[in-house]
Amino acid sequence: MSNRLTEWRDRLQVTNRLHLNHAGVSPMSLTVADAIQTALLSQHQDGPLQQYISMFNTVSNVREMLASLIGVPSEYIGLTRNTSHAMSIIANGLRLPKGSEVVVASDEFPGIVYPWIPLESHGLQLVRIQSEGVTIDADDYINAFTERTKVVIVSWVHWCTGIKVDIDKIVCEAKKRGIIVICDTIQGVGSIPVDFIASDVEYIIGGSHKWLTCPSGLGYIAASPDMIRQLQPTNIGWNSVTNSLDLDNLRPGDIKTNASIVEEGNPSFLTIIGCQAALKELTDQGISLIGEQVVRLSSMLSLELQKREWNVRCAIQETGLVCAVPPKSVIRTAARLDSVGIDVAIRGGAIRISPHAYQTLDDIQKLLLHL
C-alpha cells in the first residue's frame, strides 16, 4: 500500500469495527469531521452571513471535483439531495408522451425505480426486464427496446451482483433509436476510474455517501445544457436564476440553462463542506491508484470465497462489490460477521462485501478467518 493510502487509512478507518460495506455507506474521516466542526464554530464566531456568502464558493468547488471524477465539464453538474431526488427531477421533467416505455432491470435498485411508478397512471409503461443469463448484461437491455421505448435506466455497477454493465454498448444502440439513457453511477464513481463524457450518456445521477466517502445528503445530476433544456423545470426557486443573490426583482427570464438550475434554494451547507473535504482526500489519492487497490482487494476476496465453495455472482471482478452466496445460511453468516465486528450487507439473497482502497489484504484475511 502506498504512503498516501496509508495516511488516508489512518484518517478513515473505523476504530472499533472492520467496515466492508462501502457499497452501503462509507465512514466519515477525521478530516471531514474537523471540517464540519470548524464550519459550525465559524458560524458562531465569525457570523452566519459571512459564512453564508463564502459557502457558495464551496458549492462550486464540489461541482468541479464531482465533474472531474465523473469525466464531464463542471457546468454539467447540478447538486441534489440524493440519487432518488435526482431521478425524480428527470422522471417528472421529461414529460414523456402517453404510451412511452421505460426499460429497467427487474432487480434494479428501488430508489431509482420509484420515481417512475406514479407516471404509470398517466400512460407510461415500465418495462422491467429479466436477465437471459446468470446476470443482466447490455444485450438484455437492448433486446427489450421497441419503437415505443423512450428511456432506458441503467446502473453502471449493479448493486447486488457487482457487475459493471457495458454502458457504451447500450448508449450506441440507444442513440440509433433516439432512446435517452439514464445511468446511476453511485456504485462506481469514487472506486474505479470513468470518463462519461466519452460515453455520451444523456443523464448521469449518483450520491455522496458510498464510495465517495462523503457525508450523506448530497446527490448529483450530470447532463449537458441541451439535455437540461429538455427537462420541464419541476424544482424552481430563487437560486434557479443567474446572479441569484440579486433578490430585488423577479427575473423569470434569467432561469439558469445549465444543470445547476436544480439547486433551487439553500443547499445543505454543512453537508457540502463535509463533501468538499472528503472529495479532496479522495482525489488526492488518485482515482487510478484507488481503482487498482479496490479491484486487487475484491479479486483476492472473490478467489478466496470460491475456494470456500461460495457462489460468486461476478466471475471477473472489475468493481469493489463482491456478491456471493455462502454454502450455508446467508442470514446466519452475516449475523456471525456482525457479532465479531465486521460490517457486510445482505442484498438480493447474497452477502455483499465491498472493501475500499484504504483497506488492505490483512483486512480481507481477517474476514476470511471468520468464514
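Contact order normalised by length for region 278-327, with contacts defined as Cα pairs under 8 Å and 6 or more residues apart; what percent is it?
Computed over region 278-327, the figure is 32 percent.
Kindly point out, ordered by number, any Cys in the chain whose beta-carbon has no other cysteine beta-carbon under 4.7 Å away.
Among the cysteines of the chain, those whose Cβ sits 4.7 Å or more from every other are CYS160, CYS172, CYS183, CYS314, CYS323.
Work out, step by step, the length gained on full extension between HIS370 and TYR52: first 0.36 nm times the residue separation, then minus their alpha carbon distance; give nm to one decimal.
109.6 nm
So between GLU309 and SER60, what do we pick up on full extension, going 0.36 nm a residue minus the alpha carbon distance?
84.8 nm
For SER268 and LEU361 in one chain, what is 0.36 nm times their gap in residues minus the Cα-Cα distance, to one decimal in nm?
So the chain would gain 29.8 nm between SER268 and LEU361.
Pull up the cross-link candidates among the aspartates and glutamates for LYS176, meaning alpha carbon to alpha carbon under 16 Å and not fewer than 8 places away within one chain.
Filter leaves ASP139, GLU147, ASP168, ASP200, GLU202.
Can you return the aspartates and glutamates within cross-link range of LYS210? Criterion is Cα-Cα under 16 Å, with same-chain partners fewer than 8 residues away left out.
ASP184, GLU281, ASP343
Rounded to the nearest 500, what is the 222 nm mean residue ellipticity of the chain from helices alone, with -39500 (n - 2.57) per DSSP H run of 4+ residues and division by all residues?
Helices in the chain give a 222 nm mean residue ellipticity of -12000 deg cm²/dmol.
Could you sort out which of LYS256/LYS280; LYS98/LYS169; LYS164/LYS366; LYS307/LYS366; LYS150/LYS256 sit more than 20 Å apart by Cα distance in this structure?
LYS256/LYS280; LYS98/LYS169; LYS164/LYS366; LYS150/LYS256
HN-Hα J couplings of region 56-73 from phi, Karplus 6.51/-1.76/1.60, θ = phi - 60°, integer Hz, Gly and Pro as x?
After applying 6.51 cos²θ - 1.76 cosθ + 1.60, I find 5, 5, 5, 4, 4, 4, 5, 4, 5, 5, 5, 4, 5, 5, 7, x, 9, x Hz.
For a test of the definition: using alpha carbon positions, the gyration tensor, and the 1.5 limit on a/c, classify region 198-261 as rounded, prolate or oblate.
In terms of gyration-tensor shape, oblate.
From Cα pairs below 8 angstrom and at least 6 apart in sequence, can you work out the relative contact order of the chain, rounded to a whole percent?
It comes to 24 percent, rounded to a whole number.
Fewest to most neighbouring Cβ within 10 Å: what's the order for LEU20, LEU361?
LEU361, LEU20
Give the order of SER121, SER354, SER29, SER244 when sorted by the count of other beta carbons within 10 angstrom, beginning with the fewest.
The order, fewest Cβ neighbours first, is SER121, SER244, SER29, SER354.
For ASP254, ASP46, what's the fewest-to-most ordering of other Cβ within 10 Å of each Cβ?
In increasing order of surrounding Cβ atoms, one gets ASP46, ASP254.
Taking every eigenvalue of the Cα gyration tensor of region 286-369, multiplying by 5 and rooting it, what semi-axes result, largest first, whole Å?
21, 14, 11
Charges at C-beta only: +1 for Lys and Arg, -1 for Asp and Glu. How large is the resulting dipole of the chain about its Cα centre, in Debye rounded to 20?
Computed charge dipole of the chain: roughly 800 debye.
Taking amide H positions as placed 1.01 Å from N in the peptide plane, with prolines and chain starts having none, which residues 5 or more places from ASN311, or on another chain, fall under 5 Å of its amide H?
Those qualifying (amide H under 5 Å, at least 5 residues apart or on another chain) are VAL325.
Need one number for the chain: average projected area of the convex hull over its C-alpha atoms, nm².
Value for the chain: 19.5 nm².
Averaging sequence separations of C-alpha pairs under 8 Å and six or more residues apart, then dividing by the length of region 57-196, give the relative contact order as a whole percent.
Computed over region 57-196, the figure is 24 percent.
Here, each number is a calculation from the coordinates, and none is a lab measurement. Since the structure is predicted, the reported quantities are computational estimates derived from the model, not experimental observations. Using ideal geometry, Cβ is built from the backbone for each residue, glycine included, and neighbour counts are taken over all protein chains shown.
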